[in-house]
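The values are calculated or read from the model by the stated rules, or taken from the named source; none is laboratory data. What you are looking at is a predicted structure, and each value in this text was computed from that prediction instead of being measured. Cβ sites come from the backbone with ideal geometry, for glycine too, and all protein chains shown count toward neighbours.
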Amino acid sequence: MKKQPHINHTWKGIAVFSAAALAITACGPDTTGGDAEEEAADTDWSEVEPADSIVFATNHPGGSEDIEEELIERFTSETGIEVEVITSGANYEETSQWFQTGGGSNADVVVLSDATWFPNYLNDALIPVDDLLEAADIDVNGYVEALYEDYLYEGNHYGVPYARSTPLFYYNVDHYEEAGIDGPPQTWDEVAEISQTLVDEEVAQFGYAFPPSDEYPAWGMANLVWGYGGAWSDEWDFSTVSSDETVEALEFAQSGVEDGWANVAATSQTDDFSSGVASQTIQSTGALNGILETADFEVGTAFLPDGPAAEGETPTGGAGLMLASASSPEEQLASAMFIGHMSSAESQADFSEATGYVPSHQDADMSDVYAENPQFETAVDQLERARVQDYARVFLPGADLELATTLQSLLTTGDDVRTEMERVESEFESLYETDLADEIEG
Amino acid sequence: MLTGYLPILIALLIIVLPLVWMVSSSFKPVNEIVTLTPQLLPQEVTTANYATVDRRIPLMTVLQNSLIVTSVGSIIKVLLAITTAYALVYIRVPGANLIFLGILVALMVPPEVSMLPNFMTIEALGGRNTLWGIILPGLGTAFGTFLLRQHFKSLPKELFEAAELDGAGHFRKLFQIAVPVSLPAISTVSLVTIVNEWNSFLWPLIITDTRDRMTLPVALNQLRSVEDQVSSYGILMAGAVLVIVPMLIIFAMLQRYIVSGLTQGAVK
């Protein structure tokens, strides 16, 4: 990774103003999607020479800074293309905000999550990757299909799967043994039962830790809501967020905190689990390596629990690599080569080993890793139960945040679930009207 | 005896314990930090956290950036504050009170409000990812001007009348009379300015995104990572130690002046 002095931006005052105004209002009034697609379709990629250097904006998900640097070094030595790395924030929201503040011209490749790529697409900041990957000789058939299809919108893909994760059920094996529990729970009722036993036996302070609002609770808890037959939305129909099933699922979670078998973690459920405050939790596979490094006990991983209405369906998540529409064709081609490299079978195997993320390439050889740390394999096997996330959480700008804060307050204050979720529903409706209606229906 | 020392001891513990904890944690492996049986001292002393900080962040570069920004920024700020305050008190300017009112208003508006216009201005001037871009917008200091103006007003007029009789101009009156007798007040302003410049976070965060132009606090912020917070506590602690140590040294050096500066005018 070569650091270059600095990028020379020359933006016009107007562009800066609109970008800044966009960042301030945190919504995208300009939803004239379509230009990028046309532009990409017009370019004859066979005549384009890749650029010498590109800018890669990342927030190093899962503590991946060191492994990213290693992969980038390999890319540079293979292709001669320099990659300038910019740490664009500590999480996906900061990265997306940073990208939007720069009007989408401050990076060529950017890490965007399941919930942040679509707003950037709406702002016309992303270019479809299909033709570019073909021009760069990258075979897209190698990707795990479900993970690549997450970036499909209206016939084009807008990214490649990179730091992809699912939520995983973590349990403290030592605590289980101490309390005489045989194995991990299959259903949410068993989670409650086991947690109660762990608390009654005074093995741990809490049996289960729920995530706080900044740990994307709407992502992991989708499994619970789905298990009861509810959802955050049914495509663009938001009535399911306050349906009987969703309310019942959330009341179950709320009662867990009230009855004392569960808590809402103060900083992160990872901390509570790794320190032994709580014996079980659901957290991203991307946190696996951090947990293994931190925990003084044996860590077990299992599939997400089933609910009364559905088998433990697993939301996919994490981040992909997207290409900026504002870059020159030369930079875009070089960037396509770069994202191909970062998501190749070999790179993904190393990336997965270093972080715990699910390898997004089918041919990634993980046998050594699984032999040593079988916990890694649960995440990959669990992909069979993957379910595409609800539109409300991933496509509706601002909805994930709304859900996150509502979930935290529901779990910690004991407010009436139905009233709150009905408020969320009307909030979703108004977000949809202001930010999306014209684009989707128009 | 005890009644006098007890509050001091308690206050000392409240202030020092978190710092001690931070320093101690920076030498702990992560499983000693995230644990239910915390120990004050690390059981297995490790410098791995510092090594990680050093590997990920170009420490010397960002330290140098911080030193340049802090020293240049503070010197200009203090100089501007002294001269403005002097002009407001001793030079007959039409509408001096109005100007002073403007300065007071600036003191009342939170700095975040001017963040966006500042960003657009500096960006248009080509100041993104430059040190002068970090320094420039913060140079006008309402706080220092206000404090020094009040202080200059309390100086005996006779001093300056005598100097005037001896034929001293404004420049000499300022630097040979006002400044020397106001050293404690100026030190206080300097110290507050230096600490603010050193710790300044939001503005440098917004205006820089390449690591070789970042100041220390902004660069250390980059050690945080989503979904990996649990194993980064030790690294963050090591980073925090590196930010705080230089400030502690400056405090120790200026301590004598701060105390006399703060009690200035308390006894007539």
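Here are a few things to note about the model shown:
- The sole residue among B:Glu164, B:Glu123 that is acidic (Asp, Glu) and surrounded by 15 or more Cβ atoms within 10 Å (Cβ to Cβ) is B:Glu123.
- Selected residue (criterion: nearest to the chain's Cα centre (by Cα)) from residues of region B:216-268 that are within 14 Å of chain A (Cβ to nearest Cβ), modelled with pLDDT of 80 or more and within 30 Å of B:Glu123 (Cα to Cα): B:Pro217
- Within region A:87-103, the set of residues being within 12 Å of chain B (Cβ to nearest Cβ), part of a helix (DSSP H, G or I) and surrounded by fewer than 23 Cβ atoms within 10 Å (Cβ to Cβ) comprises A:Glu93, A:Glu94, A:Gln97, A:Trp98, A:Thr101.
- Residue check for A:Trp232: modelled with pLDDT under 95 and aromatic (Phe, Trp, Tyr): no
- Region B:201-212, residues that are at pLDDT below 90 and buried (at least 16 other Cβ atoms within 10 Å of the Cβ): B:Leu205, B:Ile206, B:Ile207, B:Thr208, B:Asp209, B:Thr210, B:Arg211, B:Asp212
- Picking from residues in region A:105-143 that are closer than 26 Å to B:Leu220 by Cα and surrounded by fewer than 24 Cβ atoms within 10 Å (Cβ to Cβ), the one that is nearest to the other protein chains (Cβ to nearest Cβ) is A:Asn106.
- Cross-chain or 6+ apart pairs with Cβ under 6 Å, region B:46-64 first and within 13 Å of A:Gly63 (Cβ to Cβ), then not in a helix (DSSP H, G or I): none
- Selection status of A:Ala266, surrounded by 24 or more Cβ atoms within 10 Å (Cβ to Cβ) and more than 9 Å from chain B (Cβ to nearest Cβ): no
Let's see how each residue does on (1) in contact (Cβ under 8 Å) with a residue 24 or more places away in the chain; (2) closer than 28 Å to A:Phe99 by Cα:
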residue	(1), (2)
B:Leu131	yes, yes
B:Glu158	no, no
B:Ala163	no, no
B:Ala178	yes, no
B:Phe201	no, yes
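- Filtering A:Ser284, A:Ser279 for residues that are at pLDDT 95 or above, surrounded by 24 or more Cβ atoms within 10 Å (Cβ to Cβ) and either at the interface with chain B (Cβ under 9 Å from one of its Cβ atoms) or more than 21 Å from the chain's Cα centre (by Cα) (or both) leaves a single hit, A:Ser279.
- On inspection, B:Ala87 fails the criterion of being small (Gly, Ala, Ser) and surrounded by fewer than 16 Cβ atoms within 10 Å (Cβ to Cβ).
- Helices (runs of 4 or more DSSP H) completely within region A:277-392 that count 1 or more residues being more than 25 Å from A:Leu403 (Cβ to Cβ) and in contact with a Phe, Trp or Tyr (Cβ under 7 Å, 6 or more places away or on another chain): A:329-342, A:345-355, A:367-372, A:375-381
- Count of region A:380-398 residues, restricted to those that are of a type outside the set (Lys, Arg), under 16 Å from A:Tyr148 (Cα atoms) and touching a strand residue (DSSP E or B) at 6+ places or on another chain (Cβ under 7 Å), is 4.
- Here A:Ala146 clears all of (1) assigned to a helix (DSSP H, G or I); (2) surrounded by 21 or more Cβ atoms within 10 Å (Cβ to Cβ); (3) within 16 Å of the chain's Cα centre (by Cα) except the condition numbered (2).
- Taken over region B:33-48, the criterion of being at pLDDT 90 or above and part of a helix (DSSP H, G or I) is satisfied by B:Ala48 alone.
- Within region B:123-140, considering residues that are assigned to a helix (DSSP H, G or I) and facing chain A (nearest Cβ under 10 Å), the one farthest from B:Asn65 (Cα to Cα): B:Ala124
- Among the residues of region A:68-86, the one identified as within 14 Å of chain B (Cβ to nearest Cβ), of a type in the set (Val, Ile, Thr) and more than 21 Å from B:Arg224 (Cβ to Cβ) is A:Val83.
- Near pairs, Cβ below 6 angstrom, 6+ apart or cross-chain, from region A:382-405 (β-branched (Val, Ile, Thr) and modelled with pLDDT of 90 or more) to any residue that is part of a helix (DSSP H, G or I) and buried (at least 18 other Cβ atoms within 10 Å of the Cβ): A:Thr405/A:Ser213
- Remark: pairs (first residue in region A:136-148, over 23 Å from A:Thr79 (Cβ atoms); second residue of a type in the set (D, E, K, R) and at pLDDT below 95; Cβ separation under 7 Å; 6+ apart in sequence or on different chains) = A:Leu147/A:Arg164.
- Residues in region A:367-418 that are in contact with a Ser or Thr (Cβ under 7 Å, 6 or more places away or on another chain) and of a type in the set (Asp, Glu): A:Asp390, A:Asp415.
Residue-by-condition table, conditions (1) at pLDDT below 95; (2) surrounded by 20 or more Cβ atoms within 10 Å (Cβ to Cβ); (3) of a type in the set (Phe, Trp, Tyr); (4) not in a helix (DSSP H, G or I):
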residue	(1), (2), (3), (4)
A:Ala40	yes, yes, no, no
A:Pro50	yes, yes, no, yes
A:Gly62	yes, yes, no, yes
A:Ile72	no, yes, no, no
A:Ser77	no, no, no, no
